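Quick notes on the structure that follows.
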Amino acid sequence: MDFSSNNLTGNIPLQIGHLGNIKVLNLSYNKFTGPIPPTIANMSQIESLDLSHNNLSGVISLQLTELHSLSSFSVAYNTNTKTTIKADNF
């Protein structure tokens with residue numbers, strides 16, 4: 001699903017975790033704010049997740065390392081995202 005460049009605002013909804021069968025999700029180039037919701041860890045089939053070019057902030061959850069299908073993940077060009085996740089955790 002590609003929702004990039006739609007001027008979407010506010011927090012990414014917690015309900016995003018209900019999209020368990022989505023393989024590709026692009027939310028880049030919007031105006032999302034706040035933390036990356038931990039419910040993203042429920043997206044068990046996700047292969048590519050692009051959250052770049054928003055205003056996201058906070059710590060990226062270690063729960064994302066449980067997404068074994070995830071091969072592409074970007075939070076580039078956000079306000080202040082932090083992680084201690086190493087690439088070999090995936």
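The values are calculated or read from the model by the stated rules, or taken from the named source; none is laboratory data. Here the structure is a predicted model, which means the values were calculated and not measured. Heads up, the Cβs are rebuilt from the backbone with ideal geometry, glycines too, and the neighbour counts pull from every protein chain shown.
Could you tell me whether region 64-77 includes any residue that is among the aliphatic types (A, V, I, L, M), more than 21 Å from Leu14 (Cβ to Cβ) and at pLDDT 90 or above?
Taking region 64-77 first, the residues among the aliphatic types (A, V, I, L, M) are 64, 67, 70, 75-76.
Right, trim to more than 21 Å from Leu14 (Cβ to Cβ) and you get 76.
Keeping just the survivors that are at pLDDT 90 or above gives 76.
Checked against the condition, which is being among the aliphatic types (A, V, I, L, M), more than 21 Å from Leu14 (Cβ to Cβ) and at pLDDT 90 or above, region 64-77 yields at least one hit.
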Could you tell me whether Leu25 is buried (at least 16 other Cβ atoms within 10 Å of the Cβ) and at pLDDT below 95?
no
Which one is nearest to Ser72 (Cα to Cα), of the residues in region 2-42 that are hydrophobic (A, V, I, L, M, F, W, C) and over 10 Å from the mean Cα position of the chain (by Cα)?
Val24
Taking the residues in region 48-63 that are under 11 Å from the mean Cα position of the chain (by Cα) and small (Gly, Ala, Ser) as candidates, determine which candidate is modelled with the lowest pLDDT.
Ser61
Look at Gly17 and say whether it is in contact (Cβ under 8 Å) with a residue 12 or more places away in the chain, touching a Lys or Arg at 6+ places or on another chain (Cβ under 9 Å) and not in a loop (DSSP other than H, G, I, E, B).
no
Of all residues in region 26-69, which are touching a Gly at 6+ places or on another chain (Cβ under 9 Å), at negative phi and outside any loop (DSSP other than H, G, I, E, B)?
Lys31, Phe32, Thr33, Pro38, Thr39, Ile40, Ala41, Asn42, Asn55, Leu56, Ser57
Does Ala76 satisfy the condition of being aliphatic (A, V, I, L, M), exposed (fewer than 15 other Cβ atoms within 10 Å of the Cβ) and touching a residue at least 24 places away in the same chain (Cβ under 8 Å)?
yes
Take the residues in region 30-57 that are closer than 19 Å to Leu8 by Cα and touching a Lys or Arg at 6+ places or on another chain (Cβ under 9 Å); name whichever of them is surrounded by the most Cβ atoms within 10 Å (Cβ to Cβ).
Asn54
